[in-house]
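Structure record follows, encoded as structure tokens.
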């Protein structure tokens, strides 16, 4: 039997992308609080919210801005939101929050003494999560 190749590598936190319904979104600073698997006290799987930190973008037609506007209009539109881990330019793992919805939006501090960009912090709820290990063929 031929030897099986193994990839032992670690991910770097700054190599990732975010997709909404399969389309990559620009202007993402980070993702925090991502939990791919958790059981509640009753032994049932739970789906804790996570936060996407992004640029405050002017384009009302941007994917996140359109989603936010639809949410603020009173409906609860859902999207499939994926976080894709990348290693040396190659996608290695994908977490997809199915039927994701915006729970809240808040902003980093506005401060006239600061030169940092203002971040839009979008809390994401969802119905379920899938995790894919993407293997190089």
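The values are calculated or read from the model by the stated rules, or taken from the named source; none is laboratory data. Remember, predicted model here, so these are calculated numbers, not experimental data. Positions of Cβ are generated from backbone atoms using ideal geometry, with glycine treated the same way; all protein chains shown enter the neighbour counts.
Can you tell me how many residues in segment 96-110 are more than 14 Å from residue 51 (Cβ to Cβ) and surrounded by 18 or more Cβ atoms within 10 Å (Cβ to Cβ)? Before the answer, list the steps.
Keep residues of segment 96-110 that are more than 14 Å from residue 51 (Cβ to Cβ), which gives 96, 98-99, 109-110.
With the extra rule that they be surrounded by 18 or more Cβ atoms within 10 Å (Cβ to Cβ), the set shrinks to 96.
Qualifying residue count for the region: 1.
Among 34, 11, which is at pLDDT 95 or above and closer than 18 Å to residue 132 by Cβ?
Working: 11 fails: at pLDDT 95 or above.
Among 34, 11, only 34 is at pLDDT 95 or above and closer than 18 Å to residue 132 by Cβ.
One residue is enough: does segment 100-123 have a residue meeting the conditions within 14 Å of the chain's Cα centre (by Cα) and in a loop (DSSP other than H, G, I, E, B)?
no
So in segment 23-44, with the set limited to residues that are outside any loop (DSSP other than H, G, I, E, B) and without any contact (Cβ under 8 Å) to a residue 12 or more places away in the chain, which one is farthest from the chain's Cα centre (by Cα)? Let's see the steps before the verdict.
First pass over segment 23-44, keeping only residues outside any loop (DSSP other than H, G, I, E, B): 23-25, 28-32, 39.
Of the ones still in play, those that are also without any contact (Cβ under 8 Å) to a residue 12 or more places away in the chain are 24, 39.
Working: 24: 11, 39: 21 Å.
Among residues in segment 23-44 that are outside any loop (DSSP other than H, G, I, E, B) and without any contact (Cβ under 8 Å) to a residue 12 or more places away in the chain, the one farthest from the chain's Cα centre (by Cα) is 39.
Please determine whether any residue of segment 82-89 is surrounded by fewer than 11 Cβ atoms within 10 Å (Cβ to Cβ) and within 18 Å of residue 19 (Cα to Cα).
The initial filter retains those residues of segment 82-89 that are surrounded by fewer than 11 Cβ atoms within 10 Å (Cβ to Cβ), namely 88-89.
Next, only the ones that are within 18 Å of residue 19 (Cα to Cα) stay: 89.
Taking every residue of segment 82-89 in turn, at least one turns out to be surrounded by fewer than 11 Cβ atoms within 10 Å (Cβ to Cβ) and within 18 Å of residue 19 (Cα to Cα).
What residue, among those in segment 63-77 that are assigned to a loop (DSSP other than H, G, I, E, B) and touching a residue at least 24 places away in the same chain (Cβ under 8 Å), is surrounded by the most Cβ atoms within 10 Å (Cβ to Cβ)?
Keep residues of segment 63-77 that are assigned to a loop (DSSP other than H, G, I, E, B), which gives 73-77.
Going one step further and asking which of them are touching a residue at least 24 places away in the same chain (Cβ under 8 Å), we end up with 76-77.
Numbers: 76: 11, 77: 15.
Across segment 63-77, the extreme among qualifying residues is 77.
Pick out the one residue from 103, 44 that is at pLDDT 95 or above and out of contact with any strand residue (DSSP E or B) (no Cβ under 7 Å at 6 or more places or on another chain). Don't jump to the end; show me each part of the working.
On the way: 103 fails: out of contact with any strand residue (DSSP E or B) (no Cβ under 7 Å at 6 or more places or on another chain).
The match here is 44.
Mind listing whichever residues of segment 45-56 are touching a residue at least 40 places away in the same chain (Cβ under 8 Å) and in a loop (DSSP other than H, G, I, E, B)?
Scanning segment 45-56 gives 47, 49, 56.
Could you count how many residues in segment 47-62 are buried (at least 16 other Cβ atoms within 10 Å of the Cβ) and farther than 17 Å from residue 129 by Cβ?
Total meeting the criteria: 2.
From the set of residues in segment 78-99 that are within 12 Å of the chain's Cα centre (by Cα) and free of Cβ contacts under 8 Å to residues at least 60 places away in the same chain, which is farthest from residue 121 (Cα to Cα)?
At the first step, the residues of segment 78-99 found to be within 12 Å of the chain's Cα centre (by Cα) are 79-85, 94-98.
Retained after the next criterion (residues that are free of Cβ contacts under 8 Å to residues at least 60 places away in the same chain): 79, 94, 96-98.
Details: 79: 17, 94: 21, 96: 19, 97: 17, 98: 20 Å.
Only one residue fits best here, namely 94.
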